[in-house]
Amino acid sequence: NVAIIGAGFGTTIKIKDGINAAVNMMNITTKTYVSIESLQLDGNQTNRIGGVQKSILLSGSSYCNIESLRITDVNDETIELASTSQYNLISLCMINSSSFAGAAIISINTASSRNEVVNNMISTSARIAIKSTATENLIINNNITSITNHAINIDTTTLNSVSCNAIDSCSYGVYFDTAEDSIVEGNHIDNSTNEAVYFTGSVNNSVKNNYI
């Protein structure tokens, strides 16, 4: 087991000025039971020259815990779960980050499954994305505000659940694209610029008990 635990947001890991390369601040590959908790990750986007930078990449990793982080100023995916990463938890994080075109604030992709995104606060950033055959993931009780794209994007995947989230002042609330057998339940979706819940090319999904 590996644990990286700070003493709160005063414990900061920051990308150096003038970076011009693709960099992951933390790269966790084929590991289990890694905990990252109680610190701040600063992507220092204002002082970068080029390249794309992520804060945390989990690749083929399982049973990891990402908790109580403050993540700011990252220009690509802020947290990415890729390559069949499973049973990971992202919780109690404050995220205000990504501006890279097409990036997701939290991206769960490439057959990653049974992960949970719970009780996070996300603002003025990119979307939460579940895509590329990632299945059986849960997005629960997050507070998501002022997203210029989709707050939550479910794309080319099945059997995911979006429940009890508070989504306010986003372009779209929950956006389904070629998604199946998923649930949108008990969410509060307010002040969307476009649709609160939108489906394209998607079948056998359930939308119930939402406040829109």
- request: Considering every residue within the range 28-49, establish whether at least one is touching a Cys at 6+ places or on another chain (Cβ under 9 Å) and among the small types (Gly, Ala, Ser).
  value: yes
task: Please indicate, with yes or no, whether at least one residue in the range 29-40 is modelled with pLDDT of 95 or more and more than 23 Å from residue 118 (Cβ to Cβ).
output: yes
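One line per residue, one yes/no per condition, for (1) of a type outside the set (Phe, Trp, Tyr); (2) farther than 26 Å from residue 75 by Cβ; (3) at pLDDT 95 or above:
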site	(1), (2), (3)
137	yes, no, yes
148	yes, no, no
161	yes, yes, yes
165	yes, no, yes
175	no, no, yes
178	yes, yes, yes
182	yes, yes, yes
190	yes, yes, yes
210	yes, yes, yes
- request: Filter the range 2-38 down to the residues that are touching a Leu at 6+ places or on another chain (Cβ under 6 Å) and open to solvent by less than 30 Å² (accessible area, probe 1.4 Å), then identify the one that is farthest from residue 90 (Cα to Cα).
  value: 6
query: Out of the range 167-193, which residues are assigned to a strand (DSSP E or B), within 16 Å of residue 138 (Cβ to Cβ) and open to solvent by 40 Å² or more (accessible area, probe 1.4 Å)?
result: 183, 185
query: Can you tell me which residue in the range 43-59 is modelled with the lowest pLDDT, limited to those that are within 21 Å of residue 109 (Cα to Cα) and polar (S, T, N, Q)?
result: 53
task: Residue by residue through the range 45-71, note down the ones that are surrounded by fewer than 20 Cβ atoms within 10 Å (Cβ to Cβ), farther than 17 Å from residue 3 by Cα and touching an Asp or Glu at 6+ places or on another chain (Cβ under 6 Å).
output: 45, 47, 52
Residue identified as among the hydrophobic types (A, V, I, L, M, F, W, C) and within 11 Å of the chain's Cα centre (by Cα) among 167, 147, 108: 108
- prompt: Which one is nearest to the chain's Cα centre (by Cα) among residues in the range 150-164 that are within 17 Å of residue 114 (Cα to Cα) and assigned to a loop (DSSP other than H, G, I, E, B)?
  reply: 160
message: What are the pairs with Cβ atoms under 7 angstrom where one residue, in the range 12-34, is within 16 Å of residue 67 (Cα to Cα) and the other, located anywhere, is at pLDDT 95 or above and aromatic (Phe, Trp, Tyr)? Sequence gap at least six, or different chains.
response: 32/63; 33/63
message: If a residue must be outside any strand (DSSP E or B), in contact (Cβ under 8 Å) with a residue 24 or more places away in the chain and open to solvent by 70 Å² or more (accessible area, probe 1.4 Å), how many such residues does the range 194-212 contain?
response: 3
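The values are calculated or read from the model by the stated rules, or taken from the named source; none is laboratory data. From a predicted model like this one, the values you see are computed outputs, not experimental measurements. Note that each Cβ is placed from the backbone with ideal geometry, even for glycine, and that neighbours are counted across all protein chains shown. Heads up: the accessible areas ignore ligands, DNA and RNA and are worked out on the full protein's heavy atoms, side chains in. Shrake-Rupley method; radii C 1.70, N 1.55, O 1.52, S 1.80 Å.
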